[in-house]
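So the structure is just underneath, and the comments pick up after that.
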Amino acid sequence: MRMLKRNLFSLLTCALLFSSTTQAACLGEQNTTKVYSFEVVPQFTAAKIYTTWSPLLQRVGQDAGLCFDLRVSATIPEFEHKLLKGEPEFVFLNPYHAVLAYQKKKYQPLLADSEDLLTGILVVRADSPIKTLDELKGKNLTFPAPNSFAASLLIRAELAKKKIDITPVFVKTHSNVYRSVIGKDAIAGGGVNNTLDNEAPEVRQQLRVLYETSAYTPHPVATHPSVSTAVRERFLKAMLKLTQDEEGRKLLDGINLSKPQAVTYAKHYKPLESLQLEKFLVLTGQ
């Protein structure tokens with residue numbers, strides 16, 4: 001019965017994405033006057049994000065006594081525009097977004113996965129004859145978006161260091177990248193280890209990882225400086241509590257955050273500043 005209720009709730013929340021109403025949805029504790037905006041970087045389709053994040057925020061909100069309005073932008077550039085204006089109070093974002101958000105608006109990382117480190121990958125078709133990066137010179141490569149950290153920024157920077165000039169084509173989501181390679185629209189494409197792992201077996205079987213970057217602390221949940229320390233601690237405690245039962249662990253698995261740990265900017269994300277990825281950033285409308 002609990003699983004049925006959770007599935008029905010997820011479907012209802014997905015429907016809100018297409019609703020014309022402007023009233024914020026409350027995921028979590030209903031008897032509160034404060035609704036916290038919660039934005040998730042659109043790596044996947046909006047439907048998938050709502051389906052995985054809605055039941056998690058519903059439970060975490062109830063446990064923490066908090067209420068969340070889950071928001072998903074249509075594109076990553078739109079998400080970046082909102083982030084760098086300081087709009088979301090809670091946000092799930094890529095590691096380099098965390099750097100930008102801290103530098104521009106003092107967003108503070110709160111938690112991230114402790115086990116599944118993030119690596120960028122370049123994939124080709126499983127039957128592709130390509131064996132080396134040099135064979136990509138002068139070719140069109142697909143990426144989710146210009147500022148996707150490991151899937152785009154990091155890979156483009158490393159190719160540039162190796163003097164491998166390519167033409168990047170941005171196709172919005174990781175899933176689109178993988179399908180563009182399978183469909184032969186691109187000779188190779190950039191993604192990350194955990195989004196490829198999340199694809200269906202029939203997708204993964206048609207792809208081969210040609211290149212993989214070094215590993216980094218993955219996507220964090222971060223908070224706007226207006227979010228109090230007490231609220232941050234309540235959210236963190238509720239997220240960590242999910243690891244204690246099977247249903248909670250499934251919710252965490254659904255968002256690639258299986259073993260959450262507390263993180264800080266100084267320890268986990270400030271080191272990314274040394275990668276000097278600024279020249280590969282493409283920020284619009286800022």
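Here, each number is a calculation from the coordinates, and none is a lab measurement. Keep in mind the model is a prediction, meaning the values are calculated, not measured.
For the residue pairs Lys82/Lys131; Lys34/Lys82; Lys161/Lys270, alpha carbon separations beyond 29 Å are given by Lys82/Lys131.
Given a cut-off of under 8 Å on Cα pairs at least six residues apart, what relative contact order in percent is computed for the stretch 120-212? Mind dumping the intermediate values first?
Numbers: 180 pairs, mean separation 43.0, N = 93.
Relative contact order, the stretch 120-212: 46 percent.
Across Val203, Val72, Val192, mean-square fluctuation computed from a Gaussian network of the chain (C-alpha pairs under 10 Å connected) peaks at Val203. Taking the helices alone, the chain has a mean residue ellipticity at 222 nm of -10500 deg cm²/dmol, built from -39,500 (n - 2.57) per DSSP H run of at least 4 residues and averaged over all its residues. Counting only residues at least eight positions apart within a chain, or on another chain, the aspartates and glutamates with an alpha carbon under 17 Å from that of Lys279 are Glu80, Glu158, Asp165. Relative to the longest principal axis of the Cα atoms of the chain, the long axis of helix 229-241 lies at roughly 70 degrees.
Between helix 95-105 and the chain there is an angle of about 60 degrees, using the helix long axis and the longest principal axis of the Cα atoms.
Determine Rg/Rh for the stretch 120-212; Rg is computed over alpha-carbon atoms and Rh is the Kirkwood hydrodynamic estimate from the same atoms.
0.92
The stretch between Glu246 and His81 holds 55.7 nm of extra length on full extension. This uses 0.36 nm per residue minus the Cα-Cα distance. Note on the stretch 72-134 and the stretch 228-273: Cα centroid distance 16 Å, given to the nearest whole angstrom. In angstrom, the C-alpha Rg and Dmax of the chain are 18.9, 60.
Express the relative contact order of the chain as a whole percentage, based on alpha carbon pairs under 8 Å and six or more residues apart in sequence.
On the way: 548 pairs, mean separation 71.0, N = 286.
Value for the chain: 25 percent.
When the chain is treated as a GNM with alpha-carbon contacts under 10 Å, the residue of Pro225, Pro88, Pro109 showing the greatest mean-square fluctuation is Pro225.
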